[in-house]
Amino acid sequence: MTSLRPFLASLVCWLACWCAQHSAFAQELGRLFDDSPTLKLAAPVQVQQLPKGLVRNPNEFDSPQHQAGWKLLPKGTAMPTGAQHDVWLRFALPATAAAQLWLLRSPRISTERITLYLQDQPGQWRMLSAGSDIAPSRWPGQTRSPTFELQTRTDSERVYFVKLEHRTPLSEHLQLVSPLEYIDSAARVGTIIGLMFGLFGVLTVLGLATAYLYRNTTYAWYALMVLLLMVTQLVMIGYAGHRWWPSSALLNQTMGWIAPLCALASGIWFVLKVSYSKEGFRWIYRISLGLIGLLLAASVLVAVMAQQTPRAPLNVLAAFSLLWLLLSTAWIAWRARSSLWFVVLGLSPLVLSMLVRLVYNQGWLAHVELVQLVSVISGCLGSLVIYVGMVMRSRESHVALEREAAMNNTDAATGLTLGRIAMVRLPQVLVRSERFSQACGVVMVRWVDYQKQMQPLSAQQRGAVLLHLGARLRRLGRDIDTVARLDDDHFMYLIESPVSREALTDLGTKILTTCMRPARPLTDGDTYNVHVAIWASHQGTIKATEVMEALRTRLNQMSLGAHRRMQFVDSPLSTRPSEEDSGTQRAALAKQLVAKINAIEADPIIPIIATAPERLARDLTAPVKLAR
């Protein structure tokens, strides 16, 4: 018990300090940041709550009835605005040595109407208004949030009156900001807006491009959701009203509701598409369709009844739809499709940020700019996580489809493309080469000793040999080329354009080199004896059948006895000489060699080594003396 006394004492002191702090009164206007410079007011901020339309001019506050109604606003208390009454503020700027310019800013962009009264002459007040019920082009300051210019006097204090009109309490107080600090904050907001445009724009383009490439409409709905989410964020921070519809009061009033409701409806529809709930979860699908219909109907209702829109039911509908979106997606991911957890992970920050926005709309939360920043960052990160998850899932399905296609289009023994696929692609290669006037090539390889080397092997050894040879040949081809097996002992390369004759020669040389290396699967580490025929395209039209006929003809001619193992079909045929010709050539070479030897022996300068039999026998039988 004794050990708890210091803790209880510190807790009581903290509660006392907290109560003292929150029981104080707001002597000054709010600041943009906690360390922002401010101007000490000549008279503290006073607040008075009055029924709507009761006071139309600040001169009416001179009556004793209204003079007694002014009171200080406790710090941390929301402005008591409502549908049936307005809130008036009164404060005074002090006299300064030189006239100073300050900005009176409302951080809440959705405030319906803020009216500033400036006294130009005694008894004459000038009225400036801004807010969501007024077109942004008619605001006194062309900024994204309601802003008014205040100026001090050198001879006396200057009194200002502000009237706030809003249907719910305002948790944000008005701020007194210096122009330099406002410019600095505007630059930061511009950076955030640029980040939004960049990331959301890239994700939208990627979604549309992926939908076109994969022929998958789910990515198109994702792109629509991201686009509407970007529009919602721009509406919430005031950029859309200031830049896109500055002259429309109706859009300024309604887009704050229409954009989020449409974005929420598109998000629910996107989840229905990506989760395939229509087939497996009919009850979730039907409830989601009902929510989408309610959200779209609410958007139309807001557009038609801008002034009389019931805000409380809309907040309830939006909150329920957000929770349903997150929980239904998590349920489907848990029960059936684990790949949806990436979607749940991406939707979580989006849903939570929008729920915080709804709490702020009720006046239960201050610091709207922090809420806006969190919404922007969570929207960007959530959308990116969703896209990454979808790409990973699409990649898995795409790999499965490729594997299935490979089973139908690949030779099981060598791992190369089937010959029928190569024969389908060959005309396409020729057409592309002719259309773009770029050379292509076809290389045909013949395994000369196929029957001789494969006959003594077992079935398992034959499979190992073919797989080994297919791996060697496939390694030499580019990713855009086709390496195919035509039949048992014929293979072919389809070389996409552009390719030069030197590159084709280099490929043929690599084929010969890799086949000349000893192969373990063959008996005693034998090599693959191959012939290579190369066809290089030229100007003019040629058919695929003519190319294949030229290649096979050259390989058949080379099989009779090739002097060179790699030949172009358009080059002169190089074969080995016949037996008679080769015998005559050998005799002539022998005569030339004998003549050269005789000439060398006849030269007196070169010493002649004795090669007599007795001399050779004496040299071989002589003892060898070893040096010590």
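The values are calculated or read from the model by the stated rules, or taken from the named source; none is laboratory data. Please read all numbers here as calculations on a predicted model, not as lab measurements. Note that we place each Cβ from the backbone using ideal geometry, even for glycine, and neighbour counts take in every protein chain shown. The protein model used for the area step is the full one, side chains on, heavy atoms only, and it has no ligands, DNA or RNA in it. Shrake-Rupley method; radii C 1.70, N 1.55, O 1.52, S 1.80 Å.
Details
- Flag if residue 164 is aliphatic (A, V, I, L, M), more than 45 Å from the chain's Cα centre (by Cα) and closer than 21 Å to residue 86 by Cβ: no
- Pick from region 360-392, criterion assigned to a helix (DSSP H, G or I) and surrounded by fewer than 15 Cβ atoms within 10 Å (Cβ to Cβ), ranking: modelled with the lowest pLDDT: 370
- Residue match in region 393-403 (condition: assigned to a helix (DSSP H, G or I) and of a type in the set (Ser, Thr, Tyr)): yes
- Residue in region 541-562 that is modelled with pLDDT under 70, open to solvent by 60 Å² or more (accessible area, probe 1.4 Å) and either more than 20 Å from residue 449 (Cα to Cα) or in contact with a helix residue (DSSP H, G or I) (Cβ under 7 Å, 6 or more places away or on another chain) (or both) present: no
- Every condition in (1) assigned to a loop (DSSP other than H, G, I, E, B); (2) modelled with pLDDT of 85 or more holds for residue 87 except the one numbered (1).
- Qualifying residue in region 149-171 (condition: within 15 Å of residue 239 (Cα to Cα) and either in contact with a Lys or Arg (Cβ under 8 Å, 6 or more places away or on another chain) or surrounded by 19 or more Cβ atoms within 10 Å (Cβ to Cβ) (or both)): no
- Residue 112 satisfies every condition listed in (1) without any contact (Cβ under 8 Å) to a residue 12 or more places away in the chain; (2) open to solvent by less than 40 Å² (accessible area, probe 1.4 Å) except (1).
- Identity of the residue in region 416-463, without any contact (Cβ under 8 Å) to a residue 60 or more places away in the chain and within 25 Å of residue 565 (Cα to Cα), that ends up surrounded by the fewest Cβ atoms within 10 Å (Cβ to Cβ): 455
- Search result, residues across region 132-146 that are open to solvent by less than 10 Å² (accessible area, probe 1.4 Å) and within 24 Å of residue 38 (Cα to Cα): 145, 146
- If you go through region 501-528 and keep only what is of a type in the set (Lys, Arg) and outside any helix (DSSP H, G or I), you end up with 517, 520.
- Scanning region 507-554 for residues that are closer than 16 Å to residue 440 by Cα and in contact with a Pro (Cβ under 9 Å, 6 or more places away or on another chain) yields 543, 544.
- For the condition more than 19 Å from residue 538 (Cβ to Cβ) and β-branched (Val, Ile, Thr), residue 429 does not qualify.
- Looking across region 266-297, the residues that are surrounded by 19 or more Cβ atoms within 10 Å (Cβ to Cβ), part of a helix (DSSP H, G or I) and touching a residue at least 40 places away in the same chain (Cβ under 8 Å) come down to 266, 267, 268, 270, 271, 274, 275, 277, 284, 288.
- Pair list, Cβ < 6 Å and 6+ apart or interchain, from region 166-183 residues that are modelled with pLDDT of 80 or more to residues that are of a type in the set (Val, Ile, Thr): 166/81; 166/111; 176/38
- Flag if residue 399 is farther than 30 Å from residue 544 by Cβ, modelled with pLDDT under 80 and not acidic (Asp, Glu): yes
- Residue 220 meets all of the listed conditions (1) free of Cβ contacts under 8 Å to residues at least 24 places away in the same chain; (2) not in a helix (DSSP H, G or I) but one, namely (2).
- For residue 182, the conditions (1) hydroxyl-bearing (Ser, Thr, Tyr); (2) in a helix (DSSP H, G or I); (3) under 22 Å from residue 49 (Cα atoms) are fulfilled apart from (3).
- Scope region 441-483; condition in contact with a Ser or Thr (Cβ under 8 Å, 6 or more places away or on another chain) and among the hydroxyl-bearing types (Ser, Thr, Tyr); matching residues: 482
- Only a single criterion out of (1) in contact (Cβ under 8 Å) with a residue 40 or more places away in the chain; (2) touching a Pro at 6+ places or on another chain (Cβ under 7 Å) is not satisfied by residue 384, namely (2).
- Listed by first and then second residue, the pairs linking a residue in region 154-165 that is among the acidic types (Asp, Glu) to a residue that is in a strand (DSSP E or B), with Cβ atoms under 6 Å apart and 6 or more places separating them unless they lie on different chains, are 157/92; 165/86; 165/113.
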